[in-house]
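Here's the structure, in C-alpha cells; my notes come after.
Only the coordinates and a few stated rules stand behind these numbers; no lab work does. Computed from a prediction, not measured in an experiment: that's the story for all the values here. Because the Cβ atoms are built from the backbone with ideal geometry, glycine has one as well, and the counts that use them run over all protein chains shown.
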Amino acid sequence: MYKRGSSSLFILGMAAFLLFSCHSNTSNQESQNQNTVFKPANIAPFDADSAYAFVQKQVDFGPRIPNTEAHAQCAAWLIAKMKSYCDSVTIQRTKVSTQGNTYDCINIIGHFNPLNNPRILVLAHWDTRPFADAVPATAHEHFDGADDGGSGVADILEIARQLHTKKTTIGVDLLLTDVEDAGVNGNDNSWGLGTQYWSKQAKASGYHAQYGILLDMVGGKGAHFYREGFTRQFAGPQSLMVWNMGNSIGYSDYFRYGDLGGVEITDDHTFVNEIAGIPTMDIIALQGNGDFMPWHHTINDNMKIIDKHTLKAVGQTVLQVLYDNPSY
Ligand SMILES: [Zn+2]
C-alpha cells in the first residue's frame with residue numbers, strides 16, 4: 001500500500017483546526033455520534049497468543065515474496081489452516097503483472113455459513129513486498145513482513161479458529177489476498193493485484209457483502225488506527241460503527257477518531273470499493289501525521305515490533321462485530 005493525499009492539505013486542516021476549534025476537537029465532535037454505541041452482552045473470545053504464533057509461523061517461512069519457495073510453502077500452510085477452520089474454501093490461482101514482473105497469485109477465501117445473508121467480508125494480504133525500499137540503502141534487501149501482511153493474516157486465522165468453535169448467524173467470508181505489495185508509489189493499479197482479480201470475479205458472479213473490513217499492519221507496537229480518506233469516503237457509517245465497537249470494548253487508545261486531513265491510503269480496500277462496489281474500510285496503523293509506522297517497508301518489520309495487545313485490540317473488535325452484527 002502507499003500513501004497519497006496532500007500533506008499541505010493536512011497542514012491547512014491543522015491550521016483551521018487550531019484557529020477555529022479552540023473549544024472542541026475532532027475527537028469530541030465525532031464521538032458525539034457514539035450515543036448509539038452498541039454494548040456487547042458477551043465479549044467474544046480472541047486468543048492473542050494464538051494470533052502471535054500465527055505471525056511467527058508465517059515469518060518462519062521467510063519473506064512470502066511471490067514466485068519464491070517460501071511463498072509456495074506458506075500458501076500450502078494457509079490453505080490447510082483455512083480448510084481446517086472454515087465451512088468451505090475457494091482458491092483462486094492466476095498470474096498478474098506489474099513493473100515488468102509476472103507473479104503467480106494465489107487468493108485463499110474461507111467461507112462461514114456460505115448460504116447466509118447478510119455477509120461480511122474480512123480481508124488481509126499475505127504476500128510480502130519484494131524489497132525494503134522505504135530506505136534507499138536497503139532497497140535490494142528482503143524483510144520479514146511480520147506486521148505488513150503477517151499481522152492481518154494472523155488475526156484472520158485466529159478469527160477463523162474462533163468462528164469454527166462458535167458460529168455467527170450471518171455469513172462471513174475471509175479473504176487472504178496475494179500480490180498486494182509489489183507496486184510503485186504513484187501508480188494505483190500496480191498495488192492490490194490479487195484483490196483487483198478477486199473484485200472483478202466477485203462483481204461478475206454477483207457476490208455481495210454488506211461491507212468489508214481490511215486488516216493491514218494491525219500488530220505493531222504503539223499502533224493507532226485512524227479512518228483514512230477512502231475509508232471515510234466509501235464506508236463512513238460502517239467504519240464509524242467498527243471504531244465505536246473498538247472504543248466500547250476498551251480499545252479507545254487504538255481506535256482513534258481524529259481526522260488525518262486528506263490523507264488517503266491506496267490499499268486492497270480501494271479496489272474492493274471501486275471494482276466490487278462493497279463498502280470497505282481499512283484498519284491500518286498510521287501515525288498522527290498520516291505517515292506509516294517507522295518500520296513500514298524496512299528490514300525492521302520483524303517479530304521485534306509485534307505486540308500481542310495490538311493483535312488483540314483489532315482481532316477482538318472485528319470478532320465482536322461479526323458476532324453482534326450491529327446496525328450503523
Ligand atoms: Zn506493504
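Each Lys or Arg adds one and each Asp or Glu takes one away; over the other residues whose Cβ falls under 10 Å from the Cβ of T177, this sums to -4. Whole-Hz Karplus values for the stretch 183-191 come out as x, 10, 4, x, 10, 3, 6, 7, 9 Hz, taken residue by residue from phi with 6.51 cos²θ - 1.76 cosθ + 1.60 and θ = phi - 60°; glycine and proline positions read x. When the inverse distances between all different Cα atoms of the chain are averaged and flipped, the Kirkwood radius reads 19.6 angstrom. Are any of the pairs K57/K166; K3/K57; K57/K312; K3/K95 more than 19 Å apart by Cα-Cα distance, and if so, which? Beyond 19 Å between Cα atoms: K57/K166; K3/K57; K3/K95. For the stretch 2-324, the share of DSSP beta bridges that are antiparallel, to the nearest 5, is 55%. Ranked by the mean number of other Cβ atoms within 10 Å of their residues, highest first, the peptides 254-260, 142-148 come out as 142-148, 254-260. At what distance in angstrom do the alpha carbon centres of the stretch 45-94 and the stretch 238-303 lie from each other? One Cα centre to the other: 22 Å.
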